[in-house]
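K.L.:
I'd like to ask you about the structure that follows.
The values are calculated or read from the model by the stated rules, or taken from the named source; none is laboratory data. All figures in this text were calculated on a predicted structure; none of them were measured in a lab. We place every Cβ from the backbone using ideal geometry, glycine too, and count neighbours over all the protein chains shown. Calculation scope for accessible area: heavy atoms of the full protein, side chains included, ligands and nucleic acids excluded. Shrake-Rupley method; radii C 1.70, N 1.55, O 1.52, S 1.80 Å.
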Amino acid sequence: MYKAAYISVLLLLLTINTYGQANQREYYQLKTYLLDTEEQENTTDQYLSKALLPALKKLNIKNVGVFKPRTIDSLNPRSIKLLIPMKGLGDLETMETKLQKDKVYMAAAKDFLDASYKNPPFSRVESVILKAFVDMPKMKPSPLSGPRKDRVYELRSYESATEAKYINKVDMFNKGGEISLFDSLGFNAVFYGEVLSGATMPNLMYLTTFENQASRDAHWKSFSDSPVWNKIKSNPNYQNNVSKNVTRFFYPTEYSDY
């Protein structure tokens with residue numbers, strides 16, 4: 001009797017622990033390399049593809065996304081975005097130390113790391129730290145299989161006027177049902193994240209993916225026309241919670257994990 005009870009309790013604890021691990025919210029570093037020239041872009045491409053991504057995989061950091069703007073203009077400067085998923089913020093703290101101890105990485109990264117100050121491989125680097133939403137605690141690498149140059153990866157940042165309005169918008173995605181609606185309409189979201197550190201706080205960010213521009217436009221039309229969305233947006237509890245929407249379009253590089 002006691003043995004059976006013990007086994008039941010043990011199984012319950014294992015189930016709770018497994019559930020907790022499965023629903024543990026990830027963290028993300030969204031790193032942007034700002035580039036002045038095509039030469040800098042090529043140098044950074046080589047560093048990321050030949051040195052950094054292979055080294056991160058050895059650290060068991062998988063599903064690293066690398067994206068470039070679909071158009072380059074005054075609003076979309078030449079750049080490369082790097083999306084790194086992490087189990088916890090401790091990974092961010094120890095990642096650089098571990099990389100510096102990796103002799104293979106250091107050798108492959110030498111030209112990038114030791115570049116002359118007269119010919120740097122980038123102009124500046126920006127970084128945003130995010131925590132995954134409750135209703136999507138883990139990243140979902142995009143399942144798209146069409147030509148990468150045709151894909152549209154849409155990165156949105158929703159800024160709010162106050163902290164309370166920001167929290168309200170996050171709640172709108174979770175309890176309010178926006179994430180569920182995006183899922184039902186096949187938006188192929190990679191992540192939804194609360195910005196913990198960045199230049200335009202308070203804000204949230206999320207990334208959806210489409211085979212091409214026509215697919216993107218059709219998906220957003222279905223979203224706008226959805227009775228579910230019209231019910232959500234008319235909810236008096238979710239009014240005036242976005243003061244600015246910044247939308248940028250990217251495509252994945254050939255060496256991106258998705």
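K.L.:
Report, by residue number, each residue of the range 42-65 that is assigned to a loop (DSSP other than H, G, I, E, B) and without any contact (Cβ under 8 Å) to a residue 12 or more places away in the chain.
P.N.:
Asn60, the sole residue that qualifies.
K.L.:
Looking for something part of a loop (DSSP other than H, G, I, E, B) and either at pLDDT below 95 or of a type in the set (Lys, Arg) (or both) - is there at least one such residue anywhere in the range 196-206?
P.N.:
no
K.L.:
Next up: Considering (1) open to solvent by 60 Å² or more (accessible area, probe 1.4 Å); (2) part of a helix (DSSP H, G or I); (3) at pLDDT 95 or above, say which one Lys3 fails and leave the rest.
P.N.:
With respect to (1) open to solvent by 60 Å² or more (accessible area, probe 1.4 Å); (2) part of a helix (DSSP H, G or I); (3) at pLDDT 95 or above, Lys3 is out only on (3).
K.L.:
Considering only residues that are within 19 Å of Pro121 (Cβ to Cβ), hydroxyl-bearing (Ser, Thr, Tyr) and surrounded by fewer than 17 Cβ atoms within 10 Å (Cβ to Cβ), which ones fall in the range 32-77?
P.N.:
Thr37, Ser49
K.L.:
Shifting gears a bit: Mind listing whichever residues of the range 116-171 are free of Cβ contacts under 8 Å to residues at least 24 places away in the same chain and of a type in the set (Lys, Arg)?
P.N.:
Once the filter is applied, which keeps residues that are free of Cβ contacts under 8 Å to residues at least 24 places away in the same chain and of a type in the set (Lys, Arg), the range 116-171 yields only Lys118.
K.L.:
Same structure, new question: Among the residues of the range 237-252, how many are over 19 Å from the mean Cα position of the chain (by Cα), closer than 21 Å to Leu155 by Cα and open to solvent by less than 80 Å² (accessible area, probe 1.4 Å)?
P.N.:
Adding up the residues that qualify gives 3.
K.L.:
Now, a different point. If you take the residues of the range 78-97 that are open to solvent by 50 Å² or more (accessible area, probe 1.4 Å) and in a loop (DSSP other than H, G, I, E, B), which of them is nearest to Leu155 (Cα to Cα)?
P.N.:
Result: Arg78.
K.L.:
Take the range 187-236 and flag every residue that is surrounded by 20 or more Cβ atoms within 10 Å (Cβ to Cβ) and among the polar types (S, T, N, Q).
P.N.:
Across the range 187-236, the qualifying residues are Asn188, Asn203, Thr208, Thr209.
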